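Please read the structure below before turning to the comments.
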2 protein chains.
Amino acid sequence: MTNSTIGHEVAQVNARAKVLGKAVYAGDMFLPGMLHAKILRSPYPHARIKAIDVSAASRLHGVRAVLTGEDAPRTRWGILHKERTILAQGCVRFAGEEVAAVVAEDEETARDALDLIQVSYEELPPLLDPQQALAEDGPIVHPGRTNIAHEIQFERGDVDAGFHRAALVHEQTYTTHAQYPGYMEPNACVAAMDAEGRLTVWAPTHSIFLMRGRLAAALELPASRVRVVQTMTGGAFGQKMLEDDTCLVAALLALKTGAPVRLVNSRLEDFLACPTSVPERITMKMGMRADGMIIAKEVRILADCGAYCGLSNQILHVSAMRSDNMHANGNVRVDAKAVYTHTPPHGAFRGFGGTQAQFALNSHIDEMAAMLGLDPVEVHKKNAIPPGSTSLHGWEILTNGTPQCLDQCADAIGWRDKRQNGKQDGPFKRGVGIAAAIHVSGNRTMGNWDGSTINLRLNEDGRVQVFSGECDMGQGATTVIAQIVAHELDLPLSHVQVVQPDTDSSAYAIGAIGSRVTIVAGNAAIRAGRALREKVLGQAARVLGVAQDQLELRDSLVFSRTDPDINIDLATLSRASIWREDGEVLQASATWDPKTVMHDDLYGNVAPAYSFAAQAVEVEVDTETGRVRILDSFISDDCGKALNPLTVHGQTNGAAVQAMGWALYEEVKLEHGRISNVDFADYTMPSIDAIPMLRNGLVETLDPNGPYGAKGASETAIQPGAGAIANAVFHATGVRIRDLPITPEKILSALAAMKEESHA
Amino acid sequence: MTNSTIGHEVAQVNARAKVLGKAVYAGDMFLPGMLHAKILRSPYPHARIKAIDVSAASRLHGVRAVLTGEDAPRTRWGILHKERTILAQGCVRFAGEEVAAVVAEDEETARDALDLIQVSYEELPPLLDPQQALAEDGPIVHPGRTNIAHEIQFERGDVDAGFHRAALVHEQTYTTHAQYPGYMEPNACVAAMDAEGRLTVWAPTHSIFLMRGRLAAALELPASRVRVVQTMTGGAFGQKMLEDDTCLVAALLALKTGAPVRLVNSRLEDFLACPTSVPERITMKMGMRADGMIIAKEVRILADCGAYCGLSNQILHVSAMRSDNMHANGNVRVDAKAVYTHTPPHGAFRGFGGTQAQFALNSHIDEMAAMLGLDPVEVHKKNAIPPGSTSLHGWEILTNGTPQCLDQCADAIGWRDKRQNGKQDGPFKRGVGIAAAIHVSGNRTMGNWDGSTINLRLNEDGRVQVFSGECDMGQGATTVIAQIVAHELDLPLSHVQVVQPDTDSSAYAIGAIGSRVTIVAGNAAIRAGRALREKVLGQAARVLGVAQDQLELRDSLVFSRTDPDINIDLATLSRASIWREDGEVLQASATWDPKTVMHDDLYGNVAPAYSFAAQAVEVEVDTETGRVRILDSFISDDCGKALNPLTVHGQTNGAAVQAMGWALYEEVKLEHGRISNVDFADYTMPSIDAIPMLRNGLVETLDPNGPYGAKGASETAIQPGAGAIANAVFHATGVRIRDLPITPEKILSALAAMKEESHA
């Protein structure tokens, strides 16, 4: 093996295109005759649409079509509940909901035409508070149904007996807020009808095939009449898989006009159009032995879907259950509900409900460790489920690097010293905090399949093309698949090309969700690579007249082990395989579906492997202003094996920043149900001066199910951040913030309350 | 089987797009930042390039690059002989050769810039007459070589003994001229570098993969760094497979500028840029028994390649050998040469050398039949090689419908009556003529492979996508492949979509040459369809719990033969095949390579099947003006089985018109080596008033190697036309025109000579 890059830091294969500005994003596309679309949105959280007059808008020079709910299919769409129409029909359920769409010869005209559309609304009382969603006599978001979109109740073990035995039982409530994904590229789409009357949609996406299915269902088209091509994607974080309406509106306009339609959200529009992360109110009651062992847990969750539930139901499952599997504790009771409100929808976001739960759990453990006089690092280690165990929900934990991750973080941050000797400099108080997390690598709950297919072809120049439907949103999927194929065939990385995901050419795949690509597509790539290697060796045996088991493939050359002068290079071999009797181009296809199984909705081994991470942070709190400054951060990631440490570190660093933003700065704010901070001036993402030099390390546990031991490495790292920061703030100041984000106001107010209490 | 369209007349699947004007041809494409190219061509047939000054052209506002031979790769390109550079280096060898190329922001600027390029030539003596190419002391086209591009000599059987035994030995010389393909869409190309630095070329073509290989070789790129996408193709007739320079210049400009480059030939440029059919001088000496049986044949051919030989060598093989295989005669001697001249290159053209040979052969048989007082129909029938024979060149003739084709034509044209009672109306003399032809269905001479791969995928809506690299230039390849897949899976034709040929997604294939697509891709499609059907039934057996051999697939439904209520539709089954343990999308791949074999360059069974055709025409000759009017034409085609009679008839009618054009009207004329008729005003293709109501019929011999019995049906029908017309003119007037085209001048001159002779 002379060419392998496995385990080496390699630049992503599409980095050059991005850095040189040559990457073509959906917004960069231009098709002849292309029109430009804009969307009119509801200003009200809840209203009846009495009438819409589009006549003035339609008459504006350059306007080609104005559509309303009347022009949209009656079919309701939605990922789980079919509950939404492409344009509102009859009533609007959130401020921002799509009411009408204009397509015009240029973007300015389309925008101008929006002002000419006259919508007559009858305002209706909105339901804005999820806690009121359960009230008997309040507004109902979806008539004929209750406001409960989804609920989960279960008890495993004997929770009450656990509480009874516990040395300490502690209950608290934690609240989390909505975060906007903040990708560099807002959602965008070009939709066009081709000459055969098929719809093609070019868009950034996590999943070309799921998107194709969703487009087809919503537009009442057979899936085969729809083609989805993934354009270069400038970040996604969960929000580029058609929970939102953007591509559907563009596609509807293309269907109605027959012309190519470009719809690119401005940042403001993207804030209004795209779901943000699910706000949850989590009440946790935990029983611990005096040694820190968790022996009972009761969790109540109230999650806010917004007006349409999207993936919130699945997210509720994750919040309610995933973190249970970190621990050896078998006594858990959960009552979780997701409710509708007349607010903008919430949905998928990196971490997928784990982040909310981990803030509560890590805060709670820290609180109880303090009460019991224990080191939280030791409490986490003691509770960590040992490798080889089956968790209470049926997860088969083959590897778990949590203890090593915790040690690595503690060492890196200077834990022992800093816990003992909190440094204080007048009003500036420093503290350290730690937190841990778990994530899946794959997910079997989507329909009893979690597989991926990889097709390979050996070209006449001895290079290989890879056909995969798994999408790269920047996380490095394309690079890691290319690395694996190159490794299996011992090719230079540049000799492996992963073809742009396109439902018309890519192998079928679920896409980049649930941190699944590395493990499932990676294993499929190994299988396909080996299948192609066998074909190569078989053909070489024929051409060279040497037994196949005597042959070796190295650095694009097949040679006889006993006489290396008997050899053939891959390019020559490729041509010799085609141009012969019964010839054909050498191609191979392989599918890998993990041996996971769900016994019911809630019990089963959901993924082939589980990733773990820990994070330690050091903060400095200005007790006069309440400002929190993060001085240091170290994340340790058990991703099994870092196939490309550069991308793992990139993901980890990005996750760290996104977690810091959520914990301290970012919050989608509503005023009377309307988002009030719809740009980056008002929605404050952390800028470089708010972020310390980010540090991180790896714990490579070499999972038996992973390709070369690898597990997923993109979503675990975002989960411990908020808890670690809250714990560090507590360590620094003694105040516990349970309501995210941790703003200066909340800290000052908590400090004041603490002072009052100590005076009392 | 409820959906099959096999044998039924169905509209081509892409007809709607073409008729509605929605088909996207290369010239319709637009890419952001796209530049426009124009080419400066040599005005001299032979000259040394002393200097080129591009400075003024480069300075013109809007010009982005001006390239000359200095900027082109040193690598020489060519299909067989590597002998040409993308832009001329050092000298020019034909008037029209590419000397410099300009790329500018618009086409007008590029054209203006051409006028500012100063080329200083030193004119050299040109070789313009192929007969002088063999002279000892004449100009040499490619220094260091002789002017002979290719030659073939062979003798089979005992030719001299045959002549000795013959009742009649007759020798004559026939000359043929160059025909321009006259497609509606001139050659065109858009070339662009993608973000990864790969070159993509969108162009009409016969073969995406051969074109990719040729582009890569000429541009010194690995094949994997080149992508070729076939755009909708407006006719090709042999001239859209990179014998010409158009796409290479566009690609070189894209490589040099990094911008997308569009290069669309005007009709004038296309005449200058694209090879025309190979002019041949054929001397035929034939020995016949008194009963019309051919027992010896000697053929000498001198073919003119023009300045670069392209595919002329292969064409020479066809002219020299193919028609021998029509007959039972085993005594043949051939001496054939293709020579270079300083004239525009010649190359592939529908019929591929068969047309030239069949004009000579059919004229010659008609002459000898007349001398022997025999009916040429009977002579053709008597000589026709019987099914089950192996021809003198090793062709295994499994089916041969020639006798039936001849009978069909003779009946249709009213042969017996009209031969006996030639109708004369003053100076208007009528006559009938007949001719026969043979063609291959496939061709093994390209490198011992003649196969095709078809990949299929069953989508979640129960519809099927087909991935094939075989190209449709209008002949109906896409439709016939879709019909076969639909037949095998019993789907409505609209549920089968053939994905646009694209080297980045299509299965590897040689392309649409040698009338091979129906037979090789058709057989591959049957295999792939059956493989997918087996997978479908296997999955249905699993889902329904019924033994696979109890199941039947009909009209998108799989059901139990014993209890049809136990069933599952294809859409549901497709989803159930993906979303399950070890699931995957149902895909199937199959390759079919005919069991043909070449023992050496000249001997072997070159194709899995052979097509035959005959044509009878009735003409009226105005003996005062020499004008020939075709009154009736009937072509009978033994294509084995007409899978879609509508496209077979379409091909036959098109071939008939193209043959009439070649025989009577079309001729690429040279003046001092320059083409003098470069537009449709001067190059007179037959218009509708020159063409009779075209009639044709089928002889379905059901070839054992053909898909459902089918053989190729696109190139046989062009071959008998010129001979049939010449024979009819002879029948009408008594004058024999052996030098094509049959112009009024030649007829008047021959009539005058005949009159003089009879007076003498």
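Quick note: the coordinates plus some simple rules give every number you see, no bench work behind them. Please read all numbers here as calculations on a predicted model, not as lab measurements. Cβ placement follows ideal geometry from the backbone for every residue including glycine, while neighbour counts extend to all protein chains displayed.
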Problem set entry | Computed over the protein assembly as shown, Cα set: Rg, Dmax in Å | 38.1, 145
Exercise. Of all the residues in chain A, which one has the C-beta that comes nearest the axis relating A to B, and what is the distance in Å?
Worked result: A:SER505, 2
Problem set entry | Proximal aspartates and glutamates relative to B:LYS38, as straight alpha-carbon distance under 14 Å, when same-chain residues fewer than 8 apart are discounted | B:GLU97, B:GLU98, B:GLU105, B:ASP106, B:GLU107, B:GLU108, B:ASP112, B:ASP115, B:ASP245, B:GLU269, B:ASP270
Exercise. What ³J(HN,Hα) values, in whole Hz, does the Karplus curve 6.51 cos²θ - 1.76 cosθ + 1.60 give for the range A:440-447 when θ = phi - 60°, with x put for Gly and Pro?
Worked result: 7, 10, x, 6, 8, 7, 7, x
Problem set entry | Average beta-carbon neighbours from other chains, 10 Å sphere, peptide B:444-457 | 4
Problem set entry | 10 Å binning of all Cα-Cα separations within the range A:445-492, expressed as whole percents from 0 upward | 22, 47, 25, 6, 0
Seminar exercise, completed: Taking the label point 7 Å from Cα along the Cα-Cβ vector, the copy-to-copy distances for B:ALA370, listed from shortest in nm with one decimal, are 11.5
Exercise. So what's the net charge close to B:VAL585: Lys and Arg +1, Asp and Glu -1, counting the other residues with Cβ under 11 Å from its Cβ?
Worked result: +1
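When all alpha-carbon pairs of the range B:113-240 are counted, what percent fall beyond 23 Å?
On the way: 5482 of 8128 pairs.
Considering the range B:113-240, 67 percent of its Cα-Cα pairs are separated by more than 23 Å.
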Exercise. Residue by residue, what Karplus-based ³J(HN,Hα) values in Hz, rounded to whole numbers, does the range A:42-54 have, using 6.51, -1.76 and 1.60 with θ = phi - 60° and x for Gly and Pro?
Worked result: 5, x, 10, x, 8, 7, 8, 7, 7, 6, 10, 10, 9
For this session: Starting from the amide H of B:ARG554, placed 1.01 Å from N in the peptide plane, find each other amide H under 5 Å away whose residue is 5 or more places distant or on another chain.
Result: B:PHE559
Exercise. Considering amide H positions built from the backbone, and no H for Pro or chain starts, which residues 5 or more places from B:THR205, or on another chain, come under 5 Å of its amide H?
Worked result: B:THR231
For this session: Post the alpha-carbon centroid distance, the range B:120-153 to the range B:401-443, in whole angstrom.
Result: 42
For this session: Two decimals is fine: what's Rg over Rh for chain A, C-alpha atoms, Kirkwood radius as Rh?
Result: 1.00
For this session: Could you work out the Kirkwood radius for the range A:509-562, taking every pair of different alpha carbons, averaging 1/r and inverting it, reported in Å?
Result: 12.8
For this session: Could you work out, residue by residue across A:289-302, how many beta carbons of other chains sit within 10 Å of that residue's beta carbon, and then give the average as an integer?
Result: 0
Problem set entry | Debye intensity ratio I(q)/I(0), log10, the range B:461-530, q values 0.12, 0.16 Å⁻¹ (C-alpha model) | -0.26, -0.47
For this session: Tell me what chain A gives for mean residue ellipticity at 222 nm when only DSSP H runs of n ≥ 4 count, each as -39,500 (n - 2.57), the sum divided by the residue total, rounded to 500 deg cm²/dmol.
Result: -8000 deg cm²/dmol
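Which whole number gives the average, over all residues in A:574-584, of C-beta atoms from other chains lying within 10 Å of the residue C-beta? Spell out each step's value before the answer.
Details: counts 1, 4, 3, 1, 10, 7, 5, 10, 7, 9, 13.
That works out to 6 on average.
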Exercise. Once amide H atoms are built 1.01 Å from N in the peptide plane, which residues 5 or more positions from B:ASP632, or in another chain, come under 5 Å H to H?
Worked result: B:GLU618
Exercise. By counting other Cβ atoms within 10 Å of each Cβ, how are A:GLU243, B:GLU196, A:GLU470 ranked from fewest to most?
Worked result: B:GLU196, A:GLU243, A:GLU470
Seminar exercise, completed: Mean projected area (nm²) from the convex hull of Cα positions in the range A:598-660 is 6.7
Problem set entry | Alpha-carbon centroids, the range B:676-754 and the range A:726-760: separation in whole Å | 97
Exercise. Near B:ARG457, within a Cβ-to-Cβ distance under 12 Å, what is the net charge of the other residues, with Lys and Arg +1 and Asp and Glu -1?
Worked result: -2
For this session: Report, for B:HIS61, each distance to the same residue's label point in the other copies, shortest first and in nm; define the point 7 Å along Cα→Cβ.
Result: 2.7
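Taking the Cβ of each residue in B:LYS381, A:LYS18 as the centre, tally the other Cβ atoms inside 10 Å and list the residues starting with the fewest.
So the ranking, lowest neighbour count to highest, is A:LYS18, B:LYS381.
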Seminar exercise, completed: In the protein assembly as shown the cysteines whose Cβ sits 4.7 Å or more from every other Cys Cβ are A:CYS91, A:CYS274, A:CYS405, A:CYS409, A:CYS471, A:CYS639, B:CYS91, B:CYS274, B:CYS405, B:CYS409, B:CYS471, B:CYS639
Seminar exercise, completed: note: the range B:333-440, Cα-Cα separations exceeding 19 Å make up a percent value of 60
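Compute the signed sum of charges (Lys and Arg +1, Asp and Glu -1) over the other residues within less than 11 Å, Cβ to Cβ, of B:SER556. Don't skip to the answer; put the middle values down first.
Working: positive: B:ARG463, B:ARG554; negative: B:ASP461, B:ASP490, B:ASP555, B:ASP569.
Surrounding charge for B:SER556 is -2.
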For this session: Pop out the ³J(HN,Hα) list for the range A:540-556 in order, Karplus 6.51 cos²θ - 1.76 cosθ + 1.60 with θ = phi - 60°, rounded to Hz; leave Gly and Pro as x.
Result: 5, 4, 4, 5, 8, x, 10, 4, 4, 6, 8, 9, 10, 10, 9, 6, 6
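Normalised by the empirical 2.2 N^0.38 Å for globular proteins, what value does the Cα Rg of the range A:254-350 take? The partial results should precede the final answer.
Working: Rg = 19.4 Å, N = 97, 2.2 N^0.38 = 12.5 Å.
Normalised Cα radius of gyration, the range A:254-350: 1.55.
What pairs in B:LYS240/B:LYS297; B:LYS382/B:LYS423; A:LYS381/A:LYS423 have C-alpha atoms more than 30 Å from each other? All intermediate terms of the calculation are to be shown ahead of the outcome.
Numbers: B:LYS240/B:LYS297 35 Å; B:LYS382/B:LYS423 28 Å; A:LYS381/A:LYS423 26 Å.
Pairs exceeding the cut-off: B:LYS240/B:LYS297.
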Problem set entry | Normalised per residue, the volume of the convex hull around the Cα set of the range B:178-225 (Å³) | 89
Seminar exercise, completed: Output row for B:PRO704: copy-to-copy label distances, label 7 Å along Cα→C-beta, ascending, in nanometres, one decimal, is 5.6
Exercise. Working from the pairwise distances between different alpha carbons, so that the mean of 1/r is found and then inverted, what is the range A:1-134's Kirkwood radius in Å?
Worked result: 18.3
For this session: Determine by what factor the alpha-carbon radius of gyration of the range B:170-260 differs from 2.2 N^0.38 Å, reporting the quotient.
Result: 1.32
For this session: Order these peptides, B:617-623, A:220-226, by their mean beta-carbon neighbour count within 10 angstrom, highest first.
Result: B:617-623, A:220-226
